[in-house]
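> To start, I am sharing the structure in question, which I have written as C-alpha cells.
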Amino acid sequence: MPDTPAPDPTALAARYLDAFYRAREAFGRAIGPTLRAQYDLDVRDYLILRWIQQQHLTPGSLAELLHVPSYATSRLLDPFIKRGLVQRQVDDTDARRYRLHLTPEGRAVTQAIEAHVAALLGQFLHDLGPQQTEQLLRSLEAFARLDTPHP
C-alpha cells in the first residue's frame, strides 16, 4: 500500500476552526431565541448556571472558567442574583470566601433549559450513533483540556 501523505496542518487547523465556528453558531441560532424569549438568557448565561449548579463555584473559579478578570465576576453575577437565580453562601471551610449556589428558581430555569438543549441536540446525537457520538465528545473534551494549565 502506498504511503498516504501527511495532512497539511494549516488546512486541518482551518477546517477545524471553520467546523467549530459553524457548529457553535448553528447551536446558538437554534437555542438562542428560546433562551432570550422564555428566560432572558443567552447560551453563556445557561452555561454559567450549569457550572454553578454542578460545582458550587467561588467567584474566582468562575472567573477562571470564563477567562475574565476576577473583579469582573461581580458585574457578571449581579443580574443572576437580582433575578433570584443565584445566591452567595459563606464557604463552610473558609468564612472569608463564599460559594455560588442556584436558588430553587435558578435550578428550575436550568432544568427547563436543559430539556430544550436535550431535545435540540438529542436527535442530532442519536443520528450520529453511539460510537460517533462518543468519539465526538472525547475529541471535544480533549480540545477543552488544552486550555487546562499544566504545572
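> Within the stretch 114-134, how many residues turn out to be within 19 Å of residue 23 (Cα to Cα) and under 19 Å from the mean Cα position of the chain (by Cα)?
Total meeting the criteria: 12.
> A further question follows. Collect the residues in the stretch 80-93 that are part of a helix (DSSP H, G or I) and over 21 Å from the mean Cα position of the chain (by Cα), keeping them in residue-number order.
82
> State all residues of the stretch 92-135 that are of a type outside the set (Val, Ile, Thr) and farther than 26 Å from residue 52 by Cβ; if no residue qualifies, say none.
Of everything in the stretch 92-135, those that are of a type outside the set (Val, Ile, Thr) and farther than 26 Å from residue 52 by Cβ turn out to be 123, 124, 126, 127, 128, 129, 130, 131, 132, 134, 135.
> Residue by residue through the stretch 103-133, note down the ones that are hydrophobic (A, V, I, L, M, F, W, C), farther than 17 Å from residue 43 by Cβ and at pLDDT 90 or above.
Residue satisfying the conditions is 108 alone.
> Starting from the stretch 8-30, keep only residues that are under 13 Å from residue 43 (Cα atoms), then list their pairs with residues that are in a helix (DSSP H, G or I) and not basic (Lys, Arg) whose Cβ atoms are within a distance under 8 Å, requiring at least 6 positions of separation or different chains.
Cβ pairs passing all conditions: 27/43; 27/120; 27/121; 28/43; 30/120.
> Run down 57, 77, 49, 100 and say which single residue is part of a helix (DSSP H, G or I) and within 29 Å of residue 142 (Cβ to Cβ).
49
> Now for a separate question. Being in contact (Cβ under 8 Å) with a residue 12 or more places away in the chain and hydrophobic (A, V, I, L, M, F, W, C) narrows it down to one of 81, 48, so name that one.
Of the residues listed, the single one that is in contact (Cβ under 8 Å) with a residue 12 or more places away in the chain and hydrophobic (A, V, I, L, M, F, W, C) is 48.
> Now, a different point. Just to check your reading of the model, which residue among 142, 118, 63 is surrounded by 14 or more Cβ atoms within 10 Å (Cβ to Cβ) and within 30 Å of residue 13 (Cα to Cα)?
After ruling out the rest, the residue left standing is 63.
> In addition: Considering only the stretch 27-46, how many residues are of a type in the set (Gly, Ala, Ser) and loosely packed, with under 12 Cβ neighbours inside 10 Å?
Going through the stretch 27-46 one residue at a time, the tally reaches 1.
> Give me a count of the residues in the stretch 26-61 that are of a type in the set (D, E, K, R) and over 16 Å from residue 105 (Cβ atoms).
4
The values are calculated or read from the model by the stated rules, or taken from the named source; none is laboratory data. Predicted, not measured: the structure shown is a model, and the values here were computed from it. All Cβ positions, even for glycine, are placed from backbone atoms using ideal geometry, and neighbour counts span all protein chains on display.
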